[in-house]
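Participant: Dumping the structure here so I can ask a few things about it.
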Amino acid sequence: MYKKVREYIRAWQMLGAKDKVIAGVSGGADSICLLFMLLMLKSEIGFEIAAVHIHHGLREGTADRDEAYVRDVCEKENVELFVYHENVKDYAKEHKLTLEEAGRKVRRDCFVKVMRQQGGTCIALAHHKNDNAETVLWNLCRGAGLKGMGGISPKNGVWIRPLLCLERIEIESYLEKRGISYCTDETNLEEGYTRNRIRNRVLPYLEENVNEKAVLHIAECAAKLQSIGQYIESETEKYVKACTKREEDDRIIVVKELYEQVPGALKSGVLHRIVCSAAGKSKDIEEIHVKMLQELLTRQVGRRVDLPYGLEAVRNYEGLWIREKKGAAREEKPVFQMRFIKKNVDSVTFSQKNYTNWFDYDIISNTVKIRHRKPGDYIVIDKEGRTQKLKQYFINAKIPREVRDSIWLVADGREIMWIVGYRKSQAYQVTDHTERILEITIYGGERDGADNKSIDPGGEGCEEN
């Protein structure tokens with residue numbers, strides 16, 4: 001197994017003699033195996049090692065046991081150890097995150113801090129093939145593109161994953177044969193996390209009832225898709241440069257004539273990359289925004305659509321301007337995301353999140369906008385189709401006058417689909433006749449959707465992925 005890891009590290013050029021590796025060591029089987037593998041490699045290659053352990057303040061008693069065990073191992077192996085005590089529960093509450101998201105963020109921050117303070121060159125994490133298979137399945141279920149189907153990267157900047165070539169059973173067998181003990185995190189057995197359900201139910205079922213090498217095959221497929229994805233990324237970047245111009249006022253111009261020369265398979269990715277570049281981030285920029293831009297390119301000069309992060313796209317004679325909205329602070333608007341869902345009447349499950357709603361996509365007449373109220377706005381209030389002026393709704397709902405202008409609306413022209421935090425229009429309800437669903441999630445706002453505070457979307461992610 002050591003030779004397997006060594007060759008994997010060489011193939012991905014993860015480590016050299018001049019490196020100083022910061023290893024995340026929780027005390028579990030994976031991270032303990034990682035530490036001992038690194039120690040063996042150190043004697044052969046010659047790099048330095050330091051370890052980091054984070055006490056999350058969540059598991060009373062057992063977390064103290066894990067810390068004591070890691071301290072003991074590092075002391076015996078003469079590895080410099082940095083231990084952090086963090087209150088992940090308070091951090092999650094303060095930043096409106098799930099415990100898993102908060103833990104991941106805290107860990108990453110601690111790893112990076114030690115790397116910078118100690119002159120480290122890379123951060124080693126203990127992900128393996130089973131983690132990768134879990135990630136691929138989870139991403140697929142959430143509607144991932146090619147990048148999501150590629151799973152976890154062996155090397156991503158300073159982050160390296162030397163054990164990604166191994167399955168969990170190989171790791172546990174290695175430790176057992178050498179008499180190396182490790183700690184067991186009981187939260188890995190809890191069914192409250194999506195990832196745990198995939199780990200404890202889905203993958204074992206696939207291995208027992210479909211193919212005993214399911215994990216291996218999923219990981220191999222992910223590796224191939226990563227390779228394909230890297231090529232597509234380079235081609236996408238080439239066409240982004242070819243069909244855009246950046247003005248002195250930071251406007252990005254998408255030249256329609258040049259964009260039409262982009263190969264069809266890359267068109268969506270090119271527009272997505274352009275919007276991400278304008279926003280300076282990619283989170284919450286979804287397929288719906290790309291479709292909005294593609295539609296805008298077919299419309300007359302002067303038409304515009306709103307984009308996340310205070311951006312707008314405006315149709316001009318050359319193609320599209322993508323720019324910061326005039327007179328609007330970039331962070332005023334809450335982050336929102338939209339996605340399409342093909343409805344299966346027998347299996348569809350309606351979202352229970354307060355700030356997520358589903359709409360019958362096929363009856364939407366205009367480009368959907370997230371905005372504040374305008375004169376003439378109205379909402380359908382019952383199944384008979386009766387309407388009410390938005391102003392009258394606010395009065396009847398006893399919403400204070402001073403907050404009405406700050407409430408976010410999802411609008412189809414002048415017709416209001418959703419008064420965020422209050423009411424959804426009866427006209428856009430999903431029914432047995434619905435074929436396509438538009439899901440809209442608002443990440444930001446108190447009950448009235450007015451304050452720009454992050455709301456927990458309820459997701460769970462792969463540790464440090």
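Participant: About the Cα centre of the chain, what is the dipole size in debye to 20, counting +1 per Lys and Arg Cβ and -1 per Asp and Glu Cβ, all else neutral?
Facilitator: Once rounded to the nearest 20, the dipole reads 1580 debye.
Participant: Further question on the same structure: Pairs K281/K325; K245/K281; K177/K213; K147/K224; K18/K42; K374/K398: which exceed 21 Å Cα-Cα?
Facilitator: K177/K213
Participant: Probe 1.4 Å, all protein chains in place: accessible area of R273 in Å², nearest 10?
Facilitator: Only protein atoms counted, so the area is about 60 Å².
Participant: Further question: Set the Förster distance to 41 Å, then compute FRET efficiency between D72 and I228 from the Cβ-Cβ distance, nearest 0.05.
Facilitator: According to the calculation, E is roughly 0.35.
Participant: Along its three principal axes, how long is region 209-261 when you only count alpha carbons? Whole Å, largest extent first please.
Facilitator: 58, 23, 17
Participant: Hull surface divided by four, with the convex hull built on the Cα atoms of the chain: how many nm²?
Facilitator: Mean shadow area of the hull around the Cα atoms is 26.1 nm².
Participant: Which value in deg cm²/dmol, rounded to the nearest 500, describes the helix-derived mean residue ellipticity at 222 nm for the chain, given -39,500 (n - 2.57) per DSSP H run of n ≥ 4 and division by the residue count?
Facilitator: Taking each H run of at least 4 residues, the total per residue is -11500 deg cm²/dmol.
Participant: Note the angle between two axes, namely the Cα long axis of helix 2-11 and the longest principal axis of the Cα atoms of the chain, as a number of degrees from 0 to 90, rounded to the nearest 10.
Facilitator: It works out to around 50 degrees.
Participant: Roughly how many Å² of E257 are accessible to a 1.4 Å probe, to the nearest 10?
Facilitator: The value for E257 is about 130 Å².
Participant: Can you tell me the equivalent ellipsoid semi-axes for region 140-237? Use √(5λ) from the Cα gyration tensor, largest first, whole Å.
Facilitator: 27, 18, 14
Participant: Can you grab the distance from the C-alpha centre of region 1-79 to the C-alpha centre of region 385-400, Å, no decimals?
Facilitator: For region 1-79 versus region 385-400, the Cα centre distance is 61 Å.
Participant: Considering only C-alpha atoms, what is the centroid distance from region 93-158 to region 195-245, in Å?
Facilitator: 15
Participant: Right, here's the next one. When only the heavy atoms of the protein chains count and the probe is 1.4 Å, how do T135, T121 rank by accessible area, highest first?
Facilitator: Largest accessible area first, the list is T121, T135.
Participant: Which value, in Å to one decimal place, does the Kirkwood hydrodynamic radius take for region 207-337 when every pair of different Cα atoms is included?
Facilitator: The answer is 16.4 Å.
Participant: If R₀ is 25 angstrom, what is the calculated FRET efficiency for the pair D432 and N366, using the beta carbon separation as r and rounding to 0.05?
Facilitator: 0.50
Participant: Let me ask you something else. Could you rank I364, I228 by how accessible they are, 1.4 Å probe, largest area first?
Facilitator: Descending accessible area places them as I228, I364.
Participant: Relative to the longest principal axis of the C-alpha atoms of the chain, give the angle of the C-alpha long axis of helix 29-45, reported between 0 and 90° and rounded to the nearest 10°.
Facilitator: So the helix axis and the longest Cα principal axis differ by about 60 degrees.
Participant: Would you mind telling me the antiparallel percentage of the DSSP bridges in the chain, rounded to 5?
Facilitator: Restricted to the chain, the bridges split so that about 70 percent are antiparallel.
The values are calculated or read from the model by the stated rules, or taken from the named source; none is laboratory data. Note that this is a predicted model, so its numbers are computed, not measured. Every residue, glycine as well, gets a Cβ built from its backbone with ideal geometry; the counts of neighbours run over all protein chains shown. Accessible surface areas use protein heavy atoms only, side chains included; no ligands, DNA or RNA. Shrake-Rupley method; radii C 1.70, N 1.55, O 1.52, S 1.80 Å.
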